[in-house]
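Remarks on the structure that follows.
The values are calculated or read from the model by the stated rules, or taken from the named source; none is laboratory data. Please read all numbers here as calculations on a predicted model, not as lab measurements. Every residue, glycine as well, gets a Cβ built from its backbone with ideal geometry; the counts of neighbours run over all protein chains shown.
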Amino acid sequence: MINKRHVSELRPFSGLTPGVVLDAAAEIGLEPDGRLFALNSYENRVYQLGATEGQLVLKFYRPSRWSDAQIAEEHRFTAELAAAELPVAAPLSIGGATLLRYREFRFAAFPWMHGRAPELDAPEARQLLGRSIARLHQIGAARRFSARPAITIERLGWEARAHVLASDLLPEALRERYSSVSGALLERVTAAFAAAGPLQGIRLHGDCHLGNLLWDEHGPVFVDLDDCAMGPRVQDLWMMLAGSPAEQQAQWQHLLEGYQQFADFDFREVTVIEPLRALRMLHHAGWVVSRWADPAFPRAFPWAAEPRYWEGYLNDLLEQHATIDEPPLLQG
């Protein structure tokens with residue numbers, strides 16, 4: 001007998017047709033005009049909706065990923081940021097609730113945020129971004145999450161590694177090598193965090209990269225706090241850097257100049273940038289293989305089924321291990 005619950009977890013959005021999305025909007029009192037556009041999202045399903053109230057965004061949460069309490073904390077944190085006049089996509093309260101339900105789906109409605117892709121070539125732009133992230137962090141440091149997860153080696157590293165080792169996508173011929181390389185990398189990451197000493201954990205955006213930013217006439221607009229978590233401040237900073245070592249150092253100086261106008265920075269955290277990058281590399285592979293039964297993932301990441309991807313990925317992990325052993329790239 002087919003376990004229907006198991007099927008629904010593997011293909012959680014199979015019943016989310018355009019008609020269901022429009023019905024969900026009508027159910028909460030919106031008046032959709034029939035315009036509906038699927039936006040780029042893999043973990044959840046996100047739609048731009050035309051309605052008499054104007055353009056809105058409906059975000060349908062992946063079942064079983066976050067609890068109601070964890071989503072509620074995400075929404076409260078976002079509301080705190082909006083109340084402090086930080087430009088952020090905050091969920092709308094409809095009927096006194098931000099977490100809404102229709103059939104088996106949980107979802108939230110957001111205002112449509114106008115903006116363009118960020119361009120950070122000018123030093124002033126990166127300084128402005130630094131000030132905005134610092135303001136977000138000052139609010140994040142005011143209290144702690146109680147239900148949301150933390151940035152930990154166990155969650156982002158060891159659990160992701162277990163997903164990969166359990167996956168048929170990892171070629172059998174590379175399984176032992178992956179086990180050895182990833183295990184050694186995680187031991188090195190653990191040693192690096194231990195050497196840095198206890199770091200303050202605050203509420204963070206958690207996935208603060210250029211794809212989760214818009215830029216309007218006033219500066220950065222933060223979107224998608226779906227991965228907000230407790231962790232060190234540098235987690236929301238290091239993904240804003242790219243290019244050669246010299247370019248990254250210059251970008252860091254401009255970002256930090258803006259950041260320190262509103263918040264202090266513990267410079268021990270620069271020593272965990274490469275360990276955090278290693279955790280992101282491990283987590284991404286674990287995320288892809290754990291979601292492979294969702295049809296969106298083979299379409300988006302077809303290379304994950306190819307042995308040559310895993311061969312290159314193992315080389316990347318080895319290079320990252322060596323990078324962690326080098327002196328920190330960034331200086332204060």
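Is segment 295-318 home to any residue that is in contact with a His (Cβ under 6 Å, 6 or more places away or on another chain), within 25 Å of F193 (Cβ to Cβ) and either assigned to a strand (DSSP E or B) or of a type outside the set (F, W, Y) (or both)? No: segment 295-318 contains no residue that is in contact with a His (Cβ under 6 Å, 6 or more places away or on another chain), within 25 Å of F193 (Cβ to Cβ) and either assigned to a strand (DSSP E or B) or of a type outside the set (F, W, Y) (or both). Does S167 qualify as being crowded, with 20+ Cβ neighbours inside 10 Å, of a type in the set (S, T, N, Q) and either touching a Phe, Trp or Tyr at 6+ places or on another chain (Cβ under 8 Å) or part of a helix (DSSP H, G or I) (or both)? Against the criterion (crowded, with 20+ Cβ neighbours inside 10 Å, of a type in the set (S, T, N, Q) and either touching a Phe, Trp or Tyr at 6+ places or on another chain (Cβ under 8 Å) or part of a helix (DSSP H, G or I) (or both)), S167 does not qualify.
All conditions in (1) in contact with a Ser or Thr (Cβ under 8 Å, 6 or more places away or on another chain); (2) within 26 Å of A147 (Cβ to Cβ) hold for E31, with the sole exception of (2).
Counting just the residues of segment 42-68 that are farther than 17 Å from V288 by Cα and of a type in the set (D, E), which one comes out modelled with the lowest pLDDT? Among them, the one singled out is E53.
Is one or more of the residues making up segment 188-197 under 30 Å from L169 (Cβ atoms), among the β-branched types (V, I, T) and at pLDDT 95 or above?
From segment 188-197, those under 30 Å from L169 (Cβ atoms) are 188-193; that's our starting set.
Remaining after also requiring among the β-branched types (V, I, T): 189-190.
Filter once more, so that each one left must be at pLDDT 95 or above: 189-190.
Checked segment 188-197: at least one residue is under 30 Å from L169 (Cβ atoms), among the β-branched types (V, I, T) and at pLDDT 95 or above.
Do we find that V270 is over 21 Å from A150 (Cβ atoms), of a type in the set (A, V, I, L, M, F, W, C) and buried (at least 19 other Cβ atoms within 10 Å of the Cβ) in this structure?
Details: over 21 Å from A150 (Cβ atoms): no; of a type in the set (A, V, I, L, M, F, W, C): yes; buried (at least 19 other Cβ atoms within 10 Å of the Cβ): yes.
No; evaluated as a whole, the condition is false for this residue.
Checking segment 171-180 against the condition returns no match, with no residue being within 24 Å of P232 (Cβ to Cβ), more than 18 Å from the chain's Cα centre (by Cα) and not in a helix (DSSP H, G or I). The condition (being over 26 Å from M240 (Cα atoms) and over 23 Å from the mean Cα position of the chain (by Cα)) is satisfied by just one residue among A26, A122, A38, A69: A26.
Residue count for segment 179-228 under the criterion of being closer than 29 Å to R135 by Cβ, without any contact (Cβ under 8 Å) to a residue 60 or more places away in the chain and not polar (S, T, N, Q): the result is 8.
The number of residues in segment 109-152 that are in a helix (DSSP H, G or I) and in contact with a helix residue (DSSP H, G or I) (Cβ under 7 Å, 6 or more places away or on another chain) comes to 12. Selection of strands (runs of 3 or more DSSP E) fully inside segment 206-293 by the criterion of at least 1 residues being outside the structural domain of R131 (by TED's automatic domain parsing) and at pLDDT 95 or above returns nothing. Tell me, yes or no, whether segment 68-82 has at least one residue that is among the hydroxyl-bearing types (S, T, Y) and over 25 Å from F222 (Cα atoms). No, segment 68-82 has no match at all. When R299, R291 are checked against the criterion of being loosely packed, with under 15 Cβ neighbours inside 10 Å and within 30 Å of A108 (Cα to Cα), R299 stands alone in meeting it.
Residues that are surrounded by 13 or more Cβ atoms within 10 Å (Cβ to Cβ), among the charged types (D, E, K, R) and assigned to a loop (DSSP other than H, G, I, E, B) within segment 81-108 are absent altogether.
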